[in-house]
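K.L.:
My questions all concern the structure below.
The values are calculated or read from the model by the stated rules, or taken from the named source; none is laboratory data. All values derive from a computational prediction rather than experimental measurement. Note: ideal-geometry Cβ built from the backbone for every residue, glycine included; neighbour counts use all protein chains shown.
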Amino acid sequence: MAPTMNAAVLRAPHTVEVTAVPRPSISEPTDILVRIEKTAICGTDLHPYEGRLEIEPDVILGHEFLGTVEAVGSAVTQITEGDRVVASCAVSCGACYQCRRHQPGNCAGSRIFGLGLALGDLAGGQAEYVVVPSADINARIIPTAGAASDDDILFAGDIMTTGYEAVARGMRPGDTVAVVGAGPVGLCAAMAAKALGAGQVIIIDRVTSRLKEAQNDGAIAVDARESDPSDAVLDLTDWRGADLVVDAVGHETALVSAISLVRAGGTLSIPGVYTEESITLPFAELYLKGVKVEMGVSHITEYMDEVIALSVAGKLKPSSIISHRMGLSEAAEAYRLFETREATKIVLDPRS
């Protein structure tokens, strides 16, 4: 009988089931097989969970994970059996035109774990094992020394690096950074802005617990239920607006709000994921302000090493946003908590 493993699969929108599935094995010489020790639920996982991204039934979910390497393909040169690794949520080839231009998020063969055939048909990491393709490019060995915990390094594969890139690609030291959305990516973006020398960081949301977390990390919290975000940002910037605004939500209303916050000549950074074919925007405002817009799938492997180094140095601590630790067997309830914003970030243990 072929070996099996437990995994969280999406049966239908709002229906996650943990069940036994065939254990994967490496099929390409550049693959590694990882026994997963920690995995997490990401905001992007909510797109198929809520039915906003249609994927085929029974896809193994998840793209944030770390663990120990159990098998290595013959062409892998940087990683050996027994190494502990974290992998990028998005897999790139490292050889195409886009990869050679240091834009792996636009790789011609880009694939994302746990999002079905439409995004590369890669089984996800909310399971006991996962195969990582092109491992020398897409995985990093976890440092054994320094201030970073496994929980910190776990997020280098997605949300911490996504938030870091969203800020790094448009911020100069001393800038005012405004972040719309205090979810995991927004909190990581605010954390990155502080680490990179922002003069002040403003974060906007409607969830009290998330705003408190942002304040704990040194940001100025604005509750959109109580204050107009545009007025608050103008008051804090001598009526200029923020130098860099991050839309960490991925929703039309958040994007419209973000546009109102950015100063003339400033930068709008959009790490929030959009799956809509079209949305309505105040384009004249963008044009007349001369706003620079940065957006798209994050170039995770271009920034992972910086994020890991800053985490090891104690300058980034993304583990602080973890609100719940649960067993993989509780995945259905974990998704419910995350969707209803009763949890900020959930880490799952595949062995329980």
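K.L.:
Counting just the residues of region 311-352 that are in contact with a helix residue (DSSP H, G or I) (Cβ under 9 Å, 6 or more places away or on another chain) and of a type in the set (Asp, Glu), which one comes out modelled with the lowest pLDDT?
P.N.:
342
K.L.:
While we're on this one: For residues that are in contact with a Lys or Arg (Cβ under 8 Å, 6 or more places away or on another chain) and either in a loop (DSSP other than H, G, I, E, B) or surrounded by 19 or more Cβ atoms within 10 Å (Cβ to Cβ) (or both), tally how many sit in region 275-316.
P.N.:
4
K.L.:
Quick test of your reading of the structure: residue 322 fulfils all but one of (1) of a type in the set (A, V, I, L, M, F, W, C); (2) over 24 Å from residue 138 (Cα atoms); (3) in contact with a Leu (Cβ under 6 Å, 6 or more places away or on another chain). Name the failing condition by number.
P.N.:
Among (1) of a type in the set (A, V, I, L, M, F, W, C); (2) over 24 Å from residue 138 (Cα atoms); (3) in contact with a Leu (Cβ under 6 Å, 6 or more places away or on another chain), residue 322 violates only (3).
K.L.:
Do we have residue 296 as modelled with pLDDT of 95 or more and touching a helix residue (DSSP H, G or I) at 6+ places or on another chain (Cβ under 7 Å) here?
P.N.:
Spelling it out, it is not the case that residue 296 is modelled with pLDDT of 95 or more and touching a helix residue (DSSP H, G or I) at 6+ places or on another chain (Cβ under 7 Å).
K.L.:
Against the conditions (1) at pLDDT below 95; (2) small (Gly, Ala, Ser); (3) under 18 Å from residue 164 (Cα atoms); (4) not in a loop (DSSP other than H, G, I, E, B), where does residue 254 fall short? Just the number, please.
P.N.:
Answer for residue 254: the failing condition is (3).
K.L.:
Would you tally the residues in region 108-143 being among the hydrophobic types (A, V, I, L, M, F, W, C), part of a loop (DSSP other than H, G, I, E, B) and crowded, with 24+ Cβ neighbours inside 10 Å?
P.N.:
1
K.L.:
Give me the pairs, please: first residue somewhere in region 329-349 and closer than 20 Å to residue 188 by Cα, second residue anywhere and polar (S, T, N, Q), beta-carbon distance under 8 Å, and either six or more positions apart or on two chains.
P.N.:
343/323; 344/209; 344/323; 345/323; 346/323; 347/39; 348/39; 348/126
K.L.:
Taking region 187-211 on its own, how many of its residues are within 22 Å of residue 347 (Cα to Cα), of a type in the set (Gly, Ala, Ser) and touching a Pro at 6+ places or on another chain (Cβ under 9 Å)?
P.N.:
Result for region 187-211: 1.
K.L.:
Determine which member of the set 105, 146 is outside any strand (DSSP E or B), within 24 Å of residue 43 (Cα to Cα) and in the same structural domain as residue 54 (by TED's automatic domain parsing).
P.N.:
One residue alone meets the criteria, 105.
K.L.:
Moving on. For residue 346, are the conditions met, namely being over 18 Å from residue 205 (Cα atoms) and crowded, with 18+ Cβ neighbours inside 10 Å?
P.N.:
In short, yes.
K.L.:
Would you mind telling me which numbered condition in (1) assigned to a strand (DSSP E or B); (2) surrounded by fewer than 16 Cβ atoms within 10 Å (Cβ to Cβ) residue 238 fails?
P.N.:
Against the list (1) assigned to a strand (DSSP E or B); (2) surrounded by fewer than 16 Cβ atoms within 10 Å (Cβ to Cβ), residue 238 comes up short only on (1).
K.L.:
Quick check on residue 75: is it buried (at least 19 other Cβ atoms within 10 Å of the Cβ) and either of a type outside the set (Lys, Arg) or more than 23 Å from the chain's Cα centre (by Cα) (or both)?
P.N.:
So residue 75 fails the test.
K.L.:
Now, a different point. Output the residues belonging to region 31-48 that are within 12 Å of residue 127 (Cβ to Cβ) and among the aliphatic types (A, V, I, L, M).
P.N.:
Hits for region 31-48 are 33, 34, 36.
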